[in-house]
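Contents: one structure, followed by commentary.
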Amino acid sequence: MDFVRNFPFFSILLPMISGPISSVLSGKRAKRLNFAVVTVSGLLSVAAFVYVLSTGEAFNYRMGAFPAPFGNEIRVGLLETMMASFFCFVMLLSIVGGYRFTKVDIPEEKQNLFYIMMNLLLSSLLALIYTNDMFTGYVFIEINTIAACGLIMIRGWGRNLLAATKYMIMSLLGSGLVLISLSILYGITGHLLMEPMHEAIVKIIEQRTYNEPLTVAVGLFCVGIAIKSALFPFHSWLPDAYGYSTCASSAILSSLVSKGYIFLLIKFFYRVIGTDIIHQIQVDDVLFVFGIAGMVFGSISAIQQTDVSRMIAFSSVAQIGYIYMGFGLNTEAGMIASIFHILAHAAGKSMLFISLNSLSDGTWEYANYRKLRGAAYRHKIASLGFAVGSLSMVGIPLLAGFTSKVYYAKAAFGVGSTPKMLIALVALAISTVLNAMYFIGQMINIYTPVGTEPEPGTVKHSNVTRVAVFMFIAVNFVLGMGSEPVFRWIQTGLAQFM
Amino acid sequence: MIGAWLIPVTVLVPLLGAILLMTPLYRKSTLSVRVVTGAFVTATCLLVVAVAMLGEKEIELFELLPDIPVFFRSDKTAVWFAVLTVAMWMTSTLFSFEYMNHERRETRYCVFSLLALAALMGVCFSGNLVTTYLFYEMMTLATFPLVMHEQTKESISAGITYLYYSLAGAFLGLIGVFFLYSFAEERSVAGGVISYAAGGFIRGDLSNNERTALTIAVFFMLIGLGSKVGMYPLHGWLPKAHPVAPAPASALLSGNITKMGILFVIRVVFFSVGPEFLQGTWAQYALLGLALLTVFLGSMLAFREKVFKKRLAYSTVSQTSYVLVGLYLLAPVAAMGAFLHIIFHSITKNLLFLVAGAIIYKTGRTKVAQMKGIGLIMPVTMICFTLGGLALVGIPPFSGFVSKWYLAAGALKTETGPMRFLVPVILIISALLTAGYLITMASDAFFVVEEHEGHGAHGGAKKEETASEKPADADAEAVFSENAAASPAENDEEDEFDVITADSAQKGREASPFMLIPLVVLAAGTLFFGLFPSLLTDWVAQILNSVF
């Protein structure tokens, strides 16, 4: 067995162990440890990615080499390693981009707690990506929730506490539903590992024995994940949680946390239930409708905001809607589009949050629409990042957002049912125009000179933030202009799921 | 091979110019900004000429999306538009050097002008729909700062209006692009990749449902692209954006940016769906009807408009739709008229907007009523204006006559039922209205009515009053710090301009050579191409032979 095969497991274990270690370190040391851990995890994931790419096939990794009923398994394929590498990369950039604000926003004695949460979050995200065992998936959903809650709360404002409470309640509801769903599935299949579960489910469908419980279980799982990833009717916790947290938290929460759950859902669809069965029990149509609703209503809510961080947060609701719309199409092309959109949205949204925080000096008062007028002249790189992020979200060619929109449109044409195709296309068009309304408006706003010299910020501009924003801009362009290999990797990765 | 590489270089050169201007090195002196801008525009111009001489070449840059590369091709249509664009850019840039004296932030203007040129080159030379769409969006993003340049409340709101119209239109276009791609034939041009093909690349074996779907998609696509062209119902941004932009920018907006919309329409109608597909469909009649309606409405609104630049903007709405009428007739002769009118209108409208700019720059007058007798102050400018006006009305031997001849003759030859008679009728009515709003202005400019004694006396008294200001007024620099920089809306409130008489005209001054040279060149162009249209028709005939 090649030693590289251990890497994914190490990349989960490393941040998990470094969490407790951080608790006895000072804030500064914890920060350094966290930086090292995220980098190393990323490198390990990249190594695993290269390995899977070269061997051309996925493998299951048994922890401690115990077989199924006792041991635990993770599965390493092209898609998993790609996602893991990308998540580590975005996380690294977000944390680095938010250093200044982390330092200012969080009291000195709580700094190391922040990095504990970050490490745990990374660990749980990677576990969600790699897991081959549904129950492990559930466990890490909970760990993820707790870590995310800590990240929302750590700034210590009243608003944050409120947002964290909201988030906690909604999230626990979601994970509760997931747990119920998993118990039902365990009851009717007798397995928790994905492959045997899938075999059992195929038999159940053939024998028509437990069709109703199966449908209920799948429904509960989808609703649970939908709540946790803020699909449209369940999004009420999102704007507060994303809008008022410290910079790095907002960036990571919006770009990665919900995506971890969504990735688990993809695995659930492909590896546990099977896409044809999903179609048979019509869960895809339901997701499609809610996805479309999210695309439109998320944007409409965003237009109504005067607080720009809330505006960006609401735009996440719309973008999550896109992802679920792609699931709803339930074709390979739709799924590829959605996975690509996960990448595009992660790259764009975290950049938007970092840029916005730099423009508003990380304060809530300055994130107001009026206060931001002319902010571009305070911080040029950040405003460039904001502009690129906005244009990407709107879907201007050369940027990642455009590419994912084209993939969606292509997927819509391939879906086979004309009403679905038309609805998807019209929703894409409407949501694009709505996106343009608030993002471009905001872009013009920050570039409108106010006449007087802008007052100097309370937070000094940091070069680290600049580098992070630059890297994000580069990622957006790379995804927009060179999407072809990424597309192929996603395709191969999905094929490996079967 | 080197010839093919020249095509992306035409995009790259103005882009580099813009980047150079953005570096802190060139922030300092106005002269260096002008030299750099002028040099890069000239270089682009030379490159385009070189590309035109080398004949049809194509080059695939990189794959933007799987199987959809950024792809350039210098076919005859591309060269047609590219040469027009650089020629107009040259004149407008030359004009702007003087004109921008009275605007702030000249560097920013030059940067966005160069960026816009780069985007336009991209649109011209693009060889497939996605590349066109890409540069089309870039063009919108590069041009809206030009509209907003003055940063008054009106100009910002106009810029945003322009942006939303353009983006919404382009997204309608994008949906059409998806449809076109999904119904495309496997026509292998560069590695199985779909690119423009004369006569269209749509599969021949579409079912009835698919035909209906495609027709609907193309209809909405063309409506969407009509927003750039200024076709009803998405024409609303034109009369808002043109008057507030600096004159050289409005000249380019009106003369060239709208033409890029037309190029996209040509690319869709003649090079993607193919004219046969649309012939006789409801979509053709609906689009033709809308275009005709726009021709009439535009002229009507221009006739009623009091502000000079707004009048020109409405005139653009009307004139660009002439081109659309010619295209949507889907017949060779009418299309010839359309292609010719693209060039002629571009030259003429550039000329007229630059005249408006010269008048604003020299006197600060923005309304039609204030321009009586202006020919006495600026005779050369107003003679150029008159020539342009005559060309736009379509009086022989000026160029507009030729294109309208082809349009009317072409319409009568088609099989479009009552439409073919309607087209010449509307053309004539619109020409009359055009004469009404331009030629009357030209005559008023030279022939001042002096028999109104009372009015004359009043004017005389007023003249005394303003006599102290006149010396300063004569000096261009001083004028602009005061009244000329004022926006049209402010002039509405304080109508301080006195009537020009033969005496007061002595104190005025003609525009400077920087402004006059472009005007004279453009005016000569309208006459020249009217006399020798065969220089152009051969080229167009080659394009049309391949399409029909």
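Could you list, in sequence order, the residues of the stretch B:153-189 that are more than 10 Å from chain A (Cβ to nearest Cβ) and open to solvent by 40 Å² or more (accessible area, probe 1.4 Å)?
Selection gives B:Lys153, B:Glu154, B:Ser157, B:Tyr165, B:Glu185, B:Glu186, B:Arg187, B:Ser188, B:Val189.
Please specify each residue of the stretch B:143-161 satisfying the condition of being free of Cβ contacts under 8 Å to residues at least 24 places away in the same chain and assigned to a helix (DSSP H, G or I).
B:Phe144, B:Lys153, B:Ile156, B:Ile160
In the stretch A:278-295, which residues are part of a helix (DSSP H, G or I) and out of contact with any helix residue (DSSP H, G or I) (no Cβ under 6 Å at 6 or more places or on another chain)? Let's see the steps before the verdict.
First pass over the stretch A:278-295, keeping only residues part of a helix (DSSP H, G or I): A:278-280, A:283-295.
Within the stretch A:278-295, A:His279, A:Gln280, A:Asp285, A:Val286, A:Val289 meet the criteria.
Which condition breaks for A:Leu494 when tested against (1) in a loop (DSSP other than H, G, I, E, B); (2) in contact with an Asp or Glu (Cβ under 8 Å, 6 or more places away or on another chain)?
(1)
Out of the residues in the stretch A:376-387 meeting the condition of being buried (at least 24 other Cβ atoms within 10 Å of the Cβ) and not in a loop (DSSP other than H, G, I, E, B), tell me which one is nearest to the other protein chains (Cβ to nearest Cβ). Quick ask: steps written out before the conclusion?
Applying the first criterion (buried (at least 24 other Cβ atoms within 10 Å of the Cβ)) to the stretch A:376-387 yields A:379, A:382, A:385-386.
After this cut, where a residue has to be not in a loop (DSSP other than H, G, I, E, B) as well, the list is A:382, A:385-386.
Working: A:Ala382: 17, A:Gly385: 16, A:Phe386: 14 Å.
So, considering only residues that are buried (at least 24 other Cβ atoms within 10 Å of the Cβ) and not in a loop (DSSP other than H, G, I, E, B), the one nearest to the other protein chains (Cβ to nearest Cβ) is A:Phe386.
If you check B:Phe112 against the conditions, is it assigned to a strand (DSSP E or B), of a type in the set (Phe, Trp, Tyr) and within 14 Å of chain A (Cβ to nearest Cβ)?
Numbers: assigned to a strand (DSSP E or B): no; of a type in the set (Phe, Trp, Tyr): yes; within 14 Å of chain A (Cβ to nearest Cβ): yes.
Judged against the criteria, B:Phe112 is not a match.
What number of residues in the stretch A:197-212 are under 23 Å from A:Tyr261 (Cβ atoms) and either open to solvent by less than 40 Å² (accessible area, probe 1.4 Å) or polar (S, T, N, Q) (or both)? Please lay out each step first, then the result.
Just the residues of the stretch A:197-212 that are under 23 Å from A:Tyr261 (Cβ atoms), to begin with: A:197-198, A:201.
Retained after the next criterion (residues that are either open to solvent by less than 40 Å² (accessible area, probe 1.4 Å) or polar (S, T, N, Q) (or both)): A:197, A:201.
Residues meeting the conditions: 2.
So B:Ser207 fits all but one of (1) touching a residue at least 24 places away in the same chain (Cβ under 8 Å); (2) away from chain A (no Cβ under 11 Å); (3) over 21 Å from the mean Cα position of the chain (by Cα); (4) over 20 Å from B:Leu330 (Cβ atoms); what number is the exception?
Going through (1) touching a residue at least 24 places away in the same chain (Cβ under 8 Å); (2) away from chain A (no Cβ under 11 Å); (3) over 21 Å from the mean Cα position of the chain (by Cα); (4) over 20 Å from B:Leu330 (Cβ atoms) one by one, B:Ser207 breaks only (1).
Do we have B:Ala118 as away from chain A (no Cβ under 12 Å), within 17 Å of the chain's Cα centre (by Cα) and part of a helix (DSSP H, G or I) here? Steps first, please.
On the way: away from chain A (no Cβ under 12 Å): yes; within 17 Å of the chain's Cα centre (by Cα): yes; part of a helix (DSSP H, G or I): yes.
Yes.
Could you tell me whether any residue of the stretch B:228-250 is within 14 Å of another protein chain (Cβ to nearest Cβ), buried (at least 23 other Cβ atoms within 10 Å of the Cβ) and under 27 Å from B:Leu64 (Cα atoms)?
Taking every residue of the stretch B:228-250 in turn, none turns out to be within 14 Å of another protein chain (Cβ to nearest Cβ), buried (at least 23 other Cβ atoms within 10 Å of the Cβ) and under 27 Å from B:Leu64 (Cα atoms).
Rundown of residues vs (1) open to solvent by less than 50 Å² (accessible area, probe 1.4 Å); (2) outside any strand (DSSP E or B), yes/no style:
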| position | (1), (2) |
| --- | --- |
| B:Gly3 | yes, yes |
| B:Thr44 | yes, yes |
| B:Ala52 | yes, yes |
| B:Phe62 | no, no |
| B:Phe71 | yes, no |
| B:Ser96 | yes, yes |
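Just checking, does the stretch A:67-77 include any residue being under 21 Å from A:Leu479 (Cβ atoms) and touching a Gly at 6+ places or on another chain (Cβ under 9 Å)? Before the answer, list the steps.
If we filter the stretch A:67-77 for residues that are under 21 Å from A:Leu479 (Cβ atoms), which is where we start, we get A:77.
If we keep only those that are touching a Gly at 6+ places or on another chain (Cβ under 9 Å) too, we end up with A:77.
Within the stretch A:67-77, one or more residues are under 21 Å from A:Leu479 (Cβ atoms) and touching a Gly at 6+ places or on another chain (Cβ under 9 Å).
Can you spot a residue in the stretch B:124-142 that is under 22 Å from A:Gly374 (Cβ atoms), away from chain A (no Cβ under 11 Å) and part of a helix (DSSP H, G or I)?
Of all residues in the stretch B:124-142, those under 22 Å from A:Gly374 (Cβ atoms) come to B:141-142.
Those left that are additionally away from chain A (no Cβ under 11 Å): B:142.
After this cut, where a residue has to be part of a helix (DSSP H, G or I) as well, the list is B:142.
Within the stretch B:124-142, one or more residues are under 22 Å from A:Gly374 (Cβ atoms), away from chain A (no Cβ under 11 Å) and part of a helix (DSSP H, G or I).
Restricting the first residue to the stretch A:394-420 and requiring it to be under 15 Å from B:Phe178 (Cα atoms) and more than 7 Å from chain B (Cβ to nearest Cβ), which pairs with a second residue that is part of a helix (DSSP H, G or I) and hydroxyl-bearing (Ser, Thr, Tyr) meet a Cβ separation below 6 Å and a spacing of at least six or different chains?
Short answer, once both residue conditions are applied: A:Gly395/A:Thr432.
Under the condition of being open to solvent by 70 Å² or more (accessible area, probe 1.4 Å) and charged (D, E, K, R), which residue from the stretch B:394-419 is farthest from B:Gly337 (Cα to Cα)?
Filtering the stretch B:394-419 for residues that are open to solvent by 70 Å² or more (accessible area, probe 1.4 Å) and charged (D, E, K, R), the one farthest from B:Gly337 (Cα to Cα) comes out as B:Glu415.
For A:Thr418, work out the one condition from (1) within 26 Å of B:Gly176 (Cα to Cα); (2) of a type in the set (Val, Ile, Thr); (3) open to solvent by less than 10 Å² (accessible area, probe 1.4 Å) it doesn't fulfil.
(3)
Does the stretch A:73-82 hold any residues that are open to solvent by less than 10 Å² (accessible area, probe 1.4 Å) and in a helix (DSSP H, G or I), and which are they?
A:Leu78, A:Leu79, A:Glu80, A:Thr81
Filter the helices (runs of 4 or more DSSP H) completely within the stretch A:83-162 down to those with at least 3 residues that are of a type in the set (Phe, Trp, Tyr) and open to solvent by 10 Å² or more (accessible area, probe 1.4 Å). Before you say what the answer is, go through the steps one by one.
Numbers: elements: A:99-105, A:111-130, A:134-153.
Qualifying helices (runs of 4 or more DSSP H): A:134-153.
For the stretch B:492-548, give me every one of the helices (runs of 4 or more DSSP H) that falls completely inside it and has 3 or more residues that are modelled with pLDDT of 85 or more and surrounded by 14 or more Cβ atoms within 10 Å (Cβ to Cβ). Lay out the reasoning, then the answer.
Numbers: elements: B:502-505, B:513-531, B:534-547.
Per the criteria, B:513-531, B:534-547.
Does B:Phe277 satisfy being closer than 23 Å to B:Thr416 by Cβ, open to solvent by 10 Å² or more (accessible area, probe 1.4 Å), in contact with a strand residue (DSSP E or B) (Cβ under 8 Å, 6 or more places away or on another chain) and in a helix (DSSP H, G or I)? Lay out the reasoning, then the answer.
On the way: closer than 23 Å to B:Thr416 by Cβ: yes; open to solvent by 10 Å² or more (accessible area, probe 1.4 Å): yes; in contact with a strand residue (DSSP E or B) (Cβ under 8 Å, 6 or more places away or on another chain): yes; in a helix (DSSP H, G or I): yes.
Taking the combined requirement at face value, the residue satisfies it.
Does A:Asn445 satisfy being assigned to a helix (DSSP H, G or I), more than 9 Å from chain B (Cβ to nearest Cβ) and modelled with pLDDT under 85?
Working: assigned to a helix (DSSP H, G or I): yes; more than 9 Å from chain B (Cβ to nearest Cβ): yes; modelled with pLDDT under 85: yes.
In short, yes.
How many residues, within the stretch A:44-72, are open to solvent by less than 20 Å² (accessible area, probe 1.4 Å) and either at pLDDT below 90 or assigned to a strand (DSSP E or B) (or both)?
The total comes to 2.
Taking A:Val272 as the residue in question, decide whether it is under 27 Å from A:Ser309 (Cβ atoms) and either open to solvent by 30 Å² or more (accessible area, probe 1.4 Å) or in contact (Cβ under 8 Å) with a residue 12 or more places away in the chain (or both). Break it down into steps so the answer makes sense when it comes.
Numbers: under 27 Å from A:Ser309 (Cβ atoms): no; either open to solvent by 30 Å² or more (accessible area, probe 1.4 Å) or in contact (Cβ under 8 Å) with a residue 12 or more places away in the chain (or both): yes.
Against the criterion (under 27 Å from A:Ser309 (Cβ atoms) and either open to solvent by 30 Å² or more (accessible area, probe 1.4 Å) or in contact (Cβ under 8 Å) with a residue 12 or more places away in the chain (or both)), A:Val272 does not qualify.
What residue, of A:Ser360, A:Ser350, A:Ser355, A:Ser390, is of a type outside the set (Lys, Arg) and either within 14 Å of chain B (Cβ to nearest Cβ) or open to solvent by 10 Å² or more (accessible area, probe 1.4 Å) (or both)? Please lay out each step first, then the result.
Values: A:Ser360 fails: either within 14 Å of chain B (Cβ to nearest Cβ) or open to solvent by 10 Å² or more (accessible area, probe 1.4 Å) (or both); A:Ser350 fails: either within 14 Å of chain B (Cβ to nearest Cβ) or open to solvent by 10 Å² or more (accessible area, probe 1.4 Å) (or both); A:Ser355 fails: either within 14 Å of chain B (Cβ to nearest Cβ) or open to solvent by 10 Å² or more (accessible area, probe 1.4 Å) (or both).
From the options A:Ser360, A:Ser350, A:Ser355, A:Ser390, the qualifying one is A:Ser390.
The values are calculated or read from the model by the stated rules, or taken from the named source; none is laboratory data. Keep in mind it's a predicted model, so treat the numbers as computed, not measured. Quick reminder, even Gly has a Cβ in these numbers, built from the backbone with ideal geometry, and neighbours come from all protein chains shown. Side chains included, ligands, DNA and RNA excluded: accessible areas come from the protein's heavy atoms. Shrake-Rupley method; radii C 1.70, N 1.55, O 1.52, S 1.80 Å.
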